[in-house]
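Shown next, in structure tokens, is the structure this report addresses.
The values are calculated or read from the model by the stated rules, or taken from the named source; none is laboratory data. What you see is a predicted model, and the numbers here were worked out from it, not measured in a lab. Please note: Cβ atoms are built from the backbone with ideal geometry, for glycine as well, and neighbour counts cover all protein chains shown.
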Amino acid sequence: MSKISIQDMELYYGDFQAIKGISMEIPENKITAFIGPSGCGKSTVIKSLNRMNDLVEGCRITGNILLDGVDIYKEMDPIVLRKRVGMVFQKPNPFPMSVYDNIAFGPRTHGVKNKAQLDEIVERSLRQAAIWDEVKDRLKKSALGLSGGQQQRLCIARAMAVEPEVLLMDEPTSALDPISTNKIEELASDLKKDFTIVMVTHNMQQAARISDKTAFFLLGDVIEYNDTDELFSNPQDKRTEDYITGRFG
């Protein structure tokens, strides 16, 4: 079952065409990885999935992007969309407030005021992000005091606190050390039973290790999209093969 359906999507910044008529079905409760060299359109597409590109002047999108069959640009309020589709960025970006308030921020914005309920959401989200045991004694301390890897898991917990259905991760481990990277990968693999995950990664080994499906982007186009094992072991396009064997990129 497709969670997200991208149909003939083109994206322009002013006169420049950044994405050239791509179509893909993103399956539910799986990890889909976007790989490809810098500037090939991976992050542009992932940001379109929760309309982050609305904030970019001169950005125009044609075609359709459907979430559970509903067009997110024509038939969905962006606030509703961003509750259903959470985002984790490349650099950990905790708010300059306590660990607790970082997690409670989203639910409060959506009207949850009851302290017992907030306590429960904070604990559940931190447990889901596999960081509860590390922070449960410092919930009232600033999130900025955590290590980079902890901050990134906190940001994942913050995204999950509003109970999204989809989690977008834009190179979530590129700023982290190998041990933290491993923790985030394990976490993503664990979370797909509850969430649909779309991840942009520069790290092909990461895509091969944890994703179910992989899309190879080049110059604003999806060159190949297939089950990850198949794409890496038996690429159908010479350009995919050249990229994954390190001949370019």
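Could you tell me whether any residue of the stretch 75-85 is touching a Phe, Trp or Tyr at 6+ places or on another chain (Cβ under 7 Å), assigned to a loop (DSSP other than H, G, I, E, B) and either within 27 Å of Phe232 (Cα to Cα) or aliphatic (A, V, I, L, M) (or both)?
no
Given the conditions (1) in contact with a Ser or Thr (Cβ under 9 Å, 6 or more places away or on another chain); (2) of a type outside the set (Ser, Thr, Tyr); (3) in a loop (DSSP other than H, G, I, E, B), and given that Gly39 satisfies all but one, which numbered condition is not satisfied?
(1)
Provide a single number: the residues in the stretch 1-40 that are touching a residue at least 40 places away in the same chain (Cβ under 8 Å), on the phi > 0 side of the Ramachandran plot and surrounded by fewer than 21 Cβ atoms within 10 Å (Cβ to Cβ).
Residues that pass the stated criteria total 4.
I'm trying to understand the selection: among the residues of the stretch 1-36, which are touching a Lys or Arg at 6+ places or on another chain (Cβ under 9 Å), polar (S, T, N, Q) and either in a strand (DSSP E or B) or at pLDDT below 95 (or both)?
Thr32
From the residues in the stretch 55-72 that are in contact (Cβ under 8 Å) with a residue 24 or more places away in the chain and assigned to a loop (DSSP other than H, G, I, E, B), which one is farthest from Glu165 (Cα to Cα)?
Checked the stretch 55-72; the qualifying residue farthest from Glu165 (Cα to Cα) is Gly58.
I need the full set of residues from the stretch 196-249 which are over 25 Å from Tyr12 (Cα atoms), without any contact (Cβ under 8 Å) to a residue 40 or more places away in the chain and touching a helix residue (DSSP H, G or I) at 6+ places or on another chain (Cβ under 6 Å), in order please.
Once the filter is applied, which keeps residues that are over 25 Å from Tyr12 (Cα atoms), without any contact (Cβ under 8 Å) to a residue 40 or more places away in the chain and touching a helix residue (DSSP H, G or I) at 6+ places or on another chain (Cβ under 6 Å), the stretch 196-249 yields Ala208, Phe232, Pro235.
Which helices (runs of 4 or more DSSP H) sit wholly inside the stretch 125-221 and have at least 1 residues that are surrounded by fewer than 23 Cβ atoms within 10 Å (Cβ to Cβ) and basic (Lys, Arg)?
Helices (runs of 4 or more DSSP H) meeting the threshold: 178-191, 204-210.
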